[in-house]
Structures are given as C-alpha cells and as structure tokens.
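Enquirer: Dropping the structure in here first, questions after.
The values are calculated or read from the model by the stated rules, or taken from the named source; none is laboratory data. For clarity, every value in this text was computed on a predicted model and none was experimentally measured. Here Cβ is always computed from backbone atoms with ideal geometry, including for glycine, and neighbour counts include all displayed protein chains. Remember, those area values only see protein heavy atoms, side chains included, never the ligands or the DNA or RNA. Shrake-Rupley method; radii C 1.70, N 1.55, O 1.52, S 1.80 Å.
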Amino acid sequence: GSAARTPHVQGGFAQYVTVPAAQIRALPPEPDLRRAVLAEPLSVALHAVRRAGAVRGRRVLVTGAGPIGCLVTAVLRHEGAAEVVVSDLVEAPLRIARACGATATVQVGAQDDAEGPPFDVAVEASGAPSALRTCVEQTRRGGTVVLLGLLPPGEVPLLGNITVTRELELRGAFRFDAEFDDAIRLLADGLPVDAVVTHTFPLSDARTAFDLAHDRTIASKVLLDLTRHTPPEATTTSTP
C-alpha cells in the first residue's frame, strides 16, 4: 500500500484484496514464503545496484544496514563486487550485513571510518544527510554515488564543490521497475539473505510486531504469519 493521502493505495490488511493481474506472480517451489516476502525489497536493492552501473571488481560503500542496505549488499556481492563495506550506527544490523556478504563493516562513532583507498561506488541506503556526505567524501574521482534512502523533507546540504571537482555522478534510485521476477529467481537460487528476517509473529500479536520493528538494535525485517494463531512465544524467532 501507500502512506500517501492523494492518491492513496490500499494495502494488504484485508480479508480480500483486488490487485491488477499484471502484478500477480506464481511462486516456484523455492523459495518458501519466509524468503519470498523479501521479493519486493530485494527488487528495490536490485534496481539500486543496476543504477550504479558495472560493479564487478569494484570497491563499494553502503551506508545504512537496514533491510534494504543488507539486501543491496547481497546483490553487490552476487554481481561480483570485490569489496563491500557497510556502515551503520548500530552493531546489530551490521552483523546481518556481514551475513549477507559484507567484506567489512564500520560502526559509525564507535570506530574509525572505513580504511583503504576511495570507493568506486557508494550507495546511500539510510536516508541520513550525514551518510550522504560520507558517500560523497569517500568516493573516488569519476565515481558514482547512488541515492537510495529517502532524505528528510526540505533542503539537504550537498558537498557541491567535491562533486564538481571530482566529477562524481549522483544517481537516484526510486523503488523498482522490472526487477521483481529477477528478485524471485535470486531468492529461489539461494541468495544469502535469510538473516534479514529476524522475527515472525502471528497476526494476533501484530501490535507487538510493529513495535519491535521500530527497534533497530533487535529487529530487521519483522513478519506477520497469517496462517498461525498460536501465542507469540511459540512463533517468534530471531537470528543471532
């Protein structure tokens, strides 16, 4: 669904939902539903990586280790990126990023910034202005910065002089286009993204699920299981 008031698109919290036939996909035997729910956010990650251009053999920075940032990491590694360094303010999501293929992680404020030469590509996946600054500062001359995370409303400072003198390319990535089928195929083929799903709750405990989803120190992607109605302690799972 859409949070926008005009136009508003209804979501899936209904007994019956009507959607355009072109949006329907029959799932193959693999992946199971727990992995299949990642098809939409993985499509966003695929679109962002494609907007970055060729990444094989490149050194890439990803700022933000939320579900999208971790899925971007998995896609980058699948596409042959030589190094993928992921930064975040919190250690828990960085553990998930490493499980998704990050070659190194940086907890902002707890350690020095990523060491080594400038990055060929940077993907800003947090929506934080300070992270966008980091991407611009740490990308090499002629490199590419992909803006994926939605920044706060209003004007956001941009290091224009660095962008000009280094001849950086700034590319936006909004949602996805035709990547959904590729996302399903990657999930069926075993792309290592299982760690992104950290908890599952029955529908009867939806309030707890939504509250937990806001706590980045514990949760990444939180699922509601519409087929089970057992107490939460019997269905809640988490990754180490």
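Enquirer: What is the percent carbon and sulfur in the accessible area of region 139-224, measuring with a 1.4 Å probe over the protein chains and ignoring ligands?
Expert: 54
Enquirer: Let me ask something else. Return the inverse of the average 1/r over all pairs of distinct C-alpha atoms in region 6-121, which is the Kirkwood hydrodynamic radius, in Å to one decimal.
Expert: Evaluated over region 6-121, this radius sits at 16.0 Å.
Enquirer: Okay, next question. Kindly report the accessible area of the chain per residue (heavy atoms of protein chains, probe 1.4 Å, no ligands, DNA or RNA), in Å².
Expert: Here the per-residue accessible area is 56 Å².
Enquirer: Calculate the length of the line joining the C-alpha centroid of region 1-17 to that of region 152-222, in whole Å.
Expert: Answer, in whole Å: 20.
Enquirer: Rounded to a whole number, what % of the accessible area of region 1-130 do carbon and sulfur atoms account for, probe 1.4 Å? Walk me through the intermediate numbers first.
Expert: Working: 3680 of 6850 Å².
Its accessible area is 54 percent carbon and sulfur atoms.
Enquirer: Now, a different point. Please report the spacing between the Cα centers of region 41-58 and region 69-120 in Å, no decimals.
Expert: Cα centroid of region 41-58 versus Cα centroid of region 69-120: 15 Å apart.
Enquirer: So which chymotrypsin sites (Phe, Trp or Tyr not before Pro) in region 158-218 pass both tests, a DSSP loop state and at most 15 other Cβ atoms within 10 Å of the Cβ? Please list the in-between numbers first.
Expert: Values: sites: Phe174, Phe176, Phe180, Phe210; in loops: Phe174, Phe176.
The qualifying sites are Phe174.
Enquirer: May I ask for the equivalent-ellipsoid semi-axes of the chain, computed as the square root of five times each C-alpha gyration tensor eigenvalue and listed largest first in whole Å?
Expert: So the three semi-axes of the chain are 31, 20, 18 Å.
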